[in-house]
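J.: First the structure, then my questions, so here it is.
Read-outs throughout are calculated quantities, based only on the coordinates presented, and are distinct from any laboratory measurement. Predicted model only: the values in this text are computed from it and were never measured. Positions of Cβ are backbone-derived with ideal geometry, glycine not excepted, and every protein chain shown enters the neighbour counts.
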Amino acid sequence: MHNTFSKKERLCSQKAIDELMAQETKFFSHPFMVRWHKLPQNAETPAKLLIIVPKRRLRHAVDRNRTKRLIRECYRKQKHKLYTLLNEQNTSINLSLSYADNNCPDYHTLWDKTEKTLDRLISEIEKSLTETKL
């Protein structure tokens, strides 16, 4: 698996974003509010990601852009665990990570938080898949 984050992996469709925001499958894992929506197997990619850093949290565009860049980098390097699960289960998801902290993070802290968030997401997906199989 390549450690890339291509256009295919980004959630860009307004219809898909509205559908994702209407879903109740969400959880908070500091500093992220995570929303996800399970889909049937998608030919393009197992997961599509939307990164949100609100202006309310970080006022300066420089800080928002840096935070989004760091989140993309951490996700890009750690997504293989999520992709492995989704490929094994033959499913795909739309995912949004909303940054919910008032401070601009550093790389190492964000790496650890992203890792914990992805681990929790994987456990939530596994729980969801076992419930649908019962």
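J.: For the chain, give the share of DSSP beta bridges that are antiparallel, in percent and rounded to the nearest 5; count only bridges with both residues there.
T.: Antiparallel: roughly 65 percent of the beta bridges in the chain.
J.: Once fully extended, how much extra length lies between Lys116 and Arg66, figured as 0.36 nm per residue of separation less the alpha-carbon to alpha-carbon distance? Walk me through the intermediate numbers first.
T.: Details: separation 50, 0.36 × 50 = 18.00 nm, distance 2.06 nm.
Fully extending the segment from Lys116 to Arg66 adds 15.9 nm.
J.: Also, quick follow-up: Tabulate in residue order the Karplus-calculated ³J(HN,Hα) for segment 29-34, using 6.51 cos²θ - 1.76 cosθ + 1.60 with θ = phi - 60°, rounded to whole Hz; enter x for Gly and Pro.
T.: 10, 3, x, 10, 9, 10
J.: Also: What order do you get for 96-102, 11-17 when each peptide is scored by the mean count of other beta carbon atoms within 10 Å, highest first? Walk me through the numbers before you get to the answer.
T.: Working: 96-102: 18.4, 11-17: 12.4.
Highest to lowest by the protection proxy: 96-102, 11-17.
J.: Helix 107-133: angle to the longest alpha-carbon principal axis of the chain, degrees 0 to 90, nearest 10?
T.: Tilt relative to the chain: about 20 degrees.
J.: Given the -39500 (n - 2.57) contribution per DSSP H run of 4+ residues, what per-residue ellipticity at 222 nm results for the chain, rounded to the nearest 500 deg cm²/dmol?
T.: -17000 deg cm²/dmol
J.: Given +1 on the Cβ of Lys and Arg, -1 on the Cβ of Asp and Glu, and no further charges, what dipole in debye does segment 7-133 carry about its Cα centre, rounded to the nearest 20? Provide the component values of the computation, followed by the final result.
T.: Details: 26 positive and 16 negative charges, 114 e Å.
It comes to approximately 540 debye.
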